[in-house]
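Below is one structure; the comments refer to it alone.
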Amino acid sequence: MSNVKTLNPLIPDPEIFQDFVDALGDHIPAIERDIGRLKNAPEDRAVLADLFRAVHTIKGDAALCKLDLAVRIAHPIESILSRLREGQLQFSDLIGEAVLLALDRLELAIDAIGAGRSVENLRLDKLIQGLDALGGCQPAEVDQYSAELIEAVTGFQPIASIGTAPRQARPVLRSNEHLANDLRFFRSLAQQFENRSPLFKGRSARLLKLALDTNAEAGKPVDPVQLAAAVYMHDLGMMFVPESVWLKVGRMTDEEKQQLRQHPLQGAGLLQRMEGWEEAARMVAEHHEMPDGAGYPRGLGQKDICDGAKILAIVDAFEAVTLKHGQRGHTRSVLRAIAEVNACDKQFAPEWIVPFNAVIRRQVEAAD
């Protein structure tokens, strides 16, 4: 593969270069919209055709402008889209992330070239190498190659791959003071989320106590600090979902459901990018999974869901049902909620229902 330094990152003709910049600025938003559409309809041939034409045009314009770097980035993207269009590959969120990352780096590179800055910090060698490999990989390897490309270029595991396979946690030594500072920050974010609705007031504190007490009842198999972080951050991804969706009272459309089901990965992605919070990130990513595999966003089964996520699923559902029946009075709403949680034998991990019931029983007895 050609080194970026040999790709002639110079402006051969300022006027033609500016025309390319303007055209690129027109194409990118449309490409982003089309990739968003593919997430809901991955086999839409018309959208795939539009994407291919847009990238093909970018490559052609770059060739006319003698922007070798832009050609080297656009060409493998075009190859990937061609294989998708012909049905040789299946579109996935990870392919979408990889393509968007490549185009984002292309925009940054063109901006840097126009300003006379170096492009070395953009890791374009790794980007082009990864795109070339992705363009020629086997269908079963697409997500793996996409994830490796994204991590090689950004240094971070892509959001769409969180929870797909266990990763070896890096040993991180952090002081108690650092952990406490992070938790205070997480709590402040959770409180911002609570402010979105009067019904959520005090929600984080209630969930935290329930989760920590349930964990303690079982002998603390889950790291309490990681669990606390997951409690604070588990719904933060909802802030990236339009309020009209997550506060909707009536029936959701399929598109709205799809938007809502991305929030665990978005919240987890924020944690996963902070050193030392990998366990909490996994809990957040998996807290809407179900033992029978009917949950989201990955459809994981009982053995693949971490214990922290199982605790979080139970206490989160309990809180939601308690709020729903709040007009019945505190004790009656708690009893109704515990009955509903226990009745959902496929939704929650049975090994965590017993310690949770013990915690609720003590709360009810203390209130009497």
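Which of the residues that make up region 299-314 are crowded, with 21+ Cβ neighbours inside 10 Å and among the basic types (Lys, Arg)?
LYS310
For the condition open to solvent by less than 80 Å² (accessible area, probe 1.4 Å) and modelled with pLDDT under 85, what is the one hit in VAL153, VAL142?
On inspection, the qualifying residue turns out to be VAL153.
Looking only at region 188-228, filter to residues that are among the basic types (Lys, Arg) and part of a helix (DSSP H, G or I); which one of those is farthest from THR322 (Cα to Cα)?
Looking at residues that are among the basic types (Lys, Arg) and part of a helix (DSSP H, G or I), I get LYS209.
Could you give me the residue pairs with C-beta distances under 9 Å whose first residue belongs to region 11-37 and is basic (Lys, Arg), whose second residue is surrounded by 12 or more Cβ atoms within 10 Å (Cβ to Cβ) wherever it lies, and which are 6+ apart or on separate chains?
Between residues of region 11-37 that are basic (Lys, Arg) and residues that are surrounded by 12 or more Cβ atoms within 10 Å (Cβ to Cβ), the close pairs are ARG37/ASP44; ARG37/VAL47.
Within region 29-68, restricting attention to residues that are open to solvent by 10 Å² or more (accessible area, probe 1.4 Å) and among the aliphatic types (A, V, I, L, M), which residue is nearest to the chain's Cα centre (by Cα)?
ALA41
Is it fair to say ILE16 is of a type in the set (A, V, I, L, M), farther than 21 Å from ALA152 by Cβ and touching a Cys at 6+ places or on another chain (Cβ under 6 Å)?
Considered against the rule, which asks whether it is of a type in the set (A, V, I, L, M), farther than 21 Å from ALA152 by Cβ and touching a Cys at 6+ places or on another chain (Cβ under 6 Å), ILE16 comes out as yes.
Where in region 249-295 are the helices (runs of 4 or more DSSP H), entirely inside, with at least 3 residues that are of a type outside the set (D, E, K, R) and open to solvent by 10 Å² or more (accessible area, probe 1.4 Å)?
Correct list: 254-260, 263-272.
Scan region 51-59 and tell me whether some residue there is among the polar types (S, T, N, Q) and modelled with pLDDT under 90.
No: zero hits.
The values are calculated or read from the model by the stated rules, or taken from the named source; none is laboratory data. Being a predicted model, the structure only gives us computed values, none of them experimental. Backbone-built Cβ (ideal geometry, glycine too); neighbour counts: all protein chains shown. Keep in mind that these areas ignore ligands, DNA and RNA; they rest on the heavy atoms of the full protein, side chains included. Shrake-Rupley method; radii C 1.70, N 1.55, O 1.52, S 1.80 Å.
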